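One structure below.
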Amino acid sequence: MTQLLRARSGTAAAAVTNGPPAGPARRPHVRVAVIGTGFAGLAAVHALREARIDDYVVLERAAEVGGTWRDNNYPGIACDVPSHLYSLSFAPNPDWTRTFSGGAQIQDYSRQVARRLRMDEVTEFGAEVLAATWQETRQCWQIRTATREFSADAIIDGSGGLSDPAYPGIDGLARFRGTICHSARWDHDADLSGKRVAVIGTGASAVQIVPAIQPQVAAMTVFQRTPGWVLPRLDRDITRAERRLLRAFPLLQRALRGGQALVRDGVLSQVMHRRSVRRIVQAVATAHLRRAVADPPLRAKLQPSFEIGCKRILISSKWYPALAQPNVQVETSPIRQVSEHAVVTADGREHPVDVIVLATGFHVSDTPIAARLHGRDGRSLAQTWGPSPRSYRGVTTANFPNLFRIGGAGTATGHISHILQIESGVRYVIGALHAMDAHGLSSVEVTEAAEHAYTLRIRQMLSGTVFVAGGCTSWYLDKSGQASAAWPSTARRYRRWTRRFDIENYHLTLRGARSRPDQAAPLINPQIPAAAPAAAMAQIGATS
Ligand SMILES: Cc1cc2nc3c(=O)[nH]c(=O)nc-3n(C[C@H](O)[C@H](O)[C@H](O)COP(=O)(O)OP(=O)(O)OC[C@H]3O[C@@H](n4cnc5c(N)ncnc54)[C@H](O)[C@@H]3O)c2cc1C
C-alpha cells in the first residue's frame with residue numbers, strides 16, 4: 001500500500017506508468033455498458049458478476065480506475081466519513097490505518113478492489129462517453145465514446161455526481177499570468193514554496209487544502225463568500241493491534257461499520273429535520289470556533305449566519321488554526337475581477353498573487369453527461385430535466401428506457417457514506433435486469449406518473465428540512481431553488497425504497513415486439529393516473 005501511495009502521481013493519466021491496459025474485446029453490442037470506475041462502477045461490476053450477468057463493458061474516460069479519489073489528489077485530501085463505513089460492503093478493509101482515511105489510501109483501496117474484480121479485463125480506458133442515444137426500433141442504446149461506437153441494451157451510469165469541476169466565471173480569470181489550479185485537477189508541478197497564493201472558496205476541499213499548504217506559502221488570501229459550520233475532526237491512527245483484531249474477527253469489523261451507520265443514520269440525520277438537534281451540533285461547532293480563533297474580528301468573519309446542515313458540514317481541526325496564522329488573511333469583500341497578477345475585490349483593493357487555487361466545486365445539477373444522453377424522444381436528459389434534475393428512486397427517468405443512473409438526483413446526503421447510497425441503487429438496477437430476463441423484456445421505462453408522484457413525495461419530505469429552510473445556498477440546490485441533489489432521509493430508508501424493482505411502475509416492452517420507427521413500442525402496463533398523486537405514491541410504495 002505504501003509503495004502504491006508513493007507511486008501516486010498528480011494526474012490520473014500519469015498514475016499509469018505503462019499506458020492503459022489492452023482492455024476487453026471490442027464487441028459491437030453488449031447487454032450492459034457501465035460508465036465510470038469510481039465506487040459506483042466497482043459496485044456495479046461486482047453486482048453484475050454476482051448476478052451472473054457477464055455480457056457487459058465498462059467505459060472510463062481516465063487511464064485508470066478510481067473516480068473521485070483518483071481525480072481529487074490535492075494536498076490534505078481526506079474523507080469525512082469513518083473509514084470502515086466509507087468502504088464497499090463486499091470489500092471490507094481491516095487495514096485502514098486512520099479512522100478517517102486520506103484520499104490516497106482510498107484510491108489505493110479502489111485499485112485493490114479493482115484488481116480483485118479484474119476490472120482491467122472489462123474496462124475500456126480513455127473511453128469517454130461522448131453521446132448515447134436510445135434507439136426505439138432496435139430497443140438499445142447507441143453509444144459513441146472517444147474511441148469507438150457500439151450498442152448496449154442498457155446503461156448503468158456511474159459517472160458520478162461530483163466528477164466535473166466547476167470553474168467560476170470570474171471576469172479576467174483567463175488573463176491571469178500565474179498558475180491556476182482547480183482542487184479537482186491539482187497541478188502537482190506547481191511549486192507553492194514562498195509563493196503568494198489566493199484560495200477561492202471555503203467549502204469541503206478548501207478546508208483541507210489551506211492547512212496543508214499554509215506552512216509552505218509566503219502569504220495566502222482566502223476569499224470567502226459564506227463561512228461554513230466546522231466540526232472538529234476526531235481522527236486518529238488505527239493501531240496495529242486494532243487492525244490485527246479486525247483482521248482476525250471480520251464480524252467485529254461488520255459490527256463497527258454497522259454501529260457507525262446506526263449512529264450517523266439515527267442521530268446525525270436528525271440535523272436535517274430537527275432544530276433542537278441542530279442547536280446542539282451548532283453549539284459544538286461554535287465552541288470549536290471559539291477555542292481555535294482568539295482574534296474577535298477574525299472570529300466574526302468565520303461565524304456562519306445560516307443553520308448548521310444547510311450546506312455540507314465541514315469537518316476539520318486544522319482549518320481555523322491555519323486561518324489564524326500570520327501569513328493568512330481571510331478576505332470577505334467579493335471578487336470583482338482577476339487581473340494579470342492580482343485578484344481585485346469589489347472594494348477596489350488589489351491582492352497581488354502568484355497562484356490561484358480554485359476550490360469552487362463541481363457541476364452538480366448541470367452534470368455534463370446529462371447533455372450527452374438522449375432518450376426515446378431524442379431530447380437529452382439535460383433538456384428533459386430543465387433546471388431541476390429528477391430521477392425515480394434516484395435511478396431511472398421517464399423517456400429514458402434502460403438507463404440506470406447510480407447516485408443520481410435525490411441521493412446525496414450530508415450525514416453518511418455515499419457508498420451506501422450507491423450500493424442501494426446498484427441493487428435496484430440488478431433487480432431491473434433480473435425482471436427483464438424473467439419477463440422477456442427488451443426495455444423498462446418508468447412511467448411519467450410514477451416519476452411525478454415520486455418527485456412530489458421527495459419534495460414533500462424536503463420541505464422544512466435544513467436543505468431548503470436553513471437560510472443558505474448550497475450545491476444541493478439546483479437553478480430553480482429545489483434541493484434536487486439531496487436525499488431527505490436516512491440511508492436505511494433509501495435502501496428500503498430501492499430493495500425491490502417495482503416493475504408495476506414501468507412501461508414494459510416485450511422482446512421481439514418491435515415498434516415502427518415513428519411509434520412508441522407496445523406497452524403492457526397502464527400508467528398511474530397523474531392526477532392522483534396520493535394514490536400514486538401509495539402505489540409506488542413511497543409512503544414509509
Ligand atoms: C473532494 C471530495 C470529497 C468527498 N468526500 C466524501 C466523503 O467524505 N463522504 C462521502 O460519502 N462522499 C464524499 N464525496 C462524494 C464522492 O464523490 C462519492 O462518495 C463517491 O466516490 C462517488 O462515486 P461514483 O462512482 O458515483 O463517482 P466518481 O467517483 O465521481 O466516479 C465517476 C467516474 O466516471 C468517470 N466518468 C465521468 N464521466 C464520464 C464519461 N462521460 N465517460 C466515461 N467516464 C466518465 C469518471 O472519470 C470517474 O472515474 C466526496 C467527493 C469529492 C469530490
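Only the coordinates and a few stated rules stand behind these numbers; no lab work does. Just so you know, these numbers come straight off a predicted model, no measurement behind them. No Cβ is skipped: glycine too gets one built from the backbone with ideal geometry, and neighbour counts run over all protein chains shown.
In the distance distribution for region 329-452, Cα-Cα pairs more than 16 Å apart total 71 percent. If R0 equals 35 Å, the separation of the Cβ atoms of Glu121 and Arg98 corresponds to a calculated FRET efficiency of about 0.65. Cysteines in the chain lacking any other cysteine Cβ under 4.7 Å from their own Cβ: Cys79, Cys140, Cys181.
For the pair Thr473 and Ser276, label points projected 7 Å from Cα toward Cβ lie 3.5 nm apart. Spatially, region 314-364 and region 390-464 are offset by 39 Å when compared through their Cα centroids. Annotation note: trypsin sites (Lys or Arg not before Pro) in region 359-423 located in DSSP loop regions with a Cβ neighbour count of at most 10 within 10 Å are absent. For region 278-398, the square roots a ≥ b ≥ c of the C-alpha gyration tensor eigenvalues yield an a/c of 1.5 or more together with a/b not exceeding b/c, which makes the shape oblate. Where does the charge balance sit around Asp157 when Lys and Arg score +1, Asp and Glu -1, over other residues with C-beta under 12 Å from its C-beta? Net charge in that neighbourhood comes out at +2. Distance from the C-alpha centroid of region 160-234 to that of region 47-94: 25 Å, rounded to the whole angstrom.
Full extension of the chain between Asp171 and Asn327 yields a length gain of 53.5 nm, computed as 0.36 nm times the residue separation minus the alpha carbon distance.
One way to sum up the overall shape of region 308-353 is the equivalent ellipsoid from its Cα gyration tensor, whose semi-axes run 26, 16, 9 Å, largest first. Summarising the label geometry, the points placed 7 Å from Cα in the beta-carbon direction at Ala300 and Gln460 lie 4.7 nm from one another.
What is the helix-to-structure angle for 39-50, meaning the angle in degrees between its Cα long axis and the longest Cα principal axis of the chain, kept from 0 to 90 and rounded to the nearest 10? Approximately 30 degrees, to the nearest 10. The tail of the calculated P(r) for region 236-336, taken as Cα-Cα distances beyond 18 Å, holds 64 percent of the pairs. Restricting the trypsin sites (Lys or Arg not before Pro) of region 98-180 to loop positions (DSSP other than H, G, I, E, B) with no more than 14 neighbouring Cβ atoms within 10 Å leaves Arg118, Arg138, Arg148, Arg177. Computed from the C-alpha gyration tensor, the three semi-axes of the ellipsoid equivalent to region 73-116 are 17, 13, 8 Å, from longest to shortest. A Förster distance of 25 Å, applied to the separation of the beta-carbon atoms of Glu504 and Arg52, puts the FRET efficiency at 0.50.
Site pair Arg148 and Gln112 shows an inter-label distance of 3.3 nm when each label is modelled 7 Å from Cα along Cα→Cβ.
Each Lys or Arg adds one and each Asp or Glu subtracts one; over the other residues with Cβ under 9 Å from the Cβ of Thr396, this totals 0.
Using the Kirkwood radius over C-alpha pairs as Rh, can you work out the diffusion coefficient of the chain via Stokes-Einstein at 20 °C, viscosity 1.002 mPa s, in µm² per second?
87 µm²/s
Loop-located chymotrypsin sites (Phe, Trp or Tyr not before Pro) in region 86-163 (DSSP state other than H, G, I, E, B) with a sparse environment of at most 13 neighbouring Cβ atoms within 10 Å are absent.
Determine by what factor the alpha-carbon radius of gyration of region 201-259 differs from 2.2 N^0.38 Å, reporting the quotient.
Normalised by 2.2 N^0.38 Å, the Cα Rg of region 201-259 equals 1.77.
Of all DSSP beta bridges confined to the chain, the antiparallel ones make up roughly 40%. Electrostatic bookkeeping for Asp347 treats Lys and Arg as +1 and Asp and Glu as -1; over the other residues with beta carbon under 10 Å from its beta carbon, the sum is +1.
Pairs of Lys residues in the chain are counted when their Cα atoms are under 23 angstrom apart and they lie 8 or more places apart or on different chains; the count is 4. Geometric descriptor of region 77-194, per residue, is 206 Å³ (volume of the convex hull of the Cα atoms).
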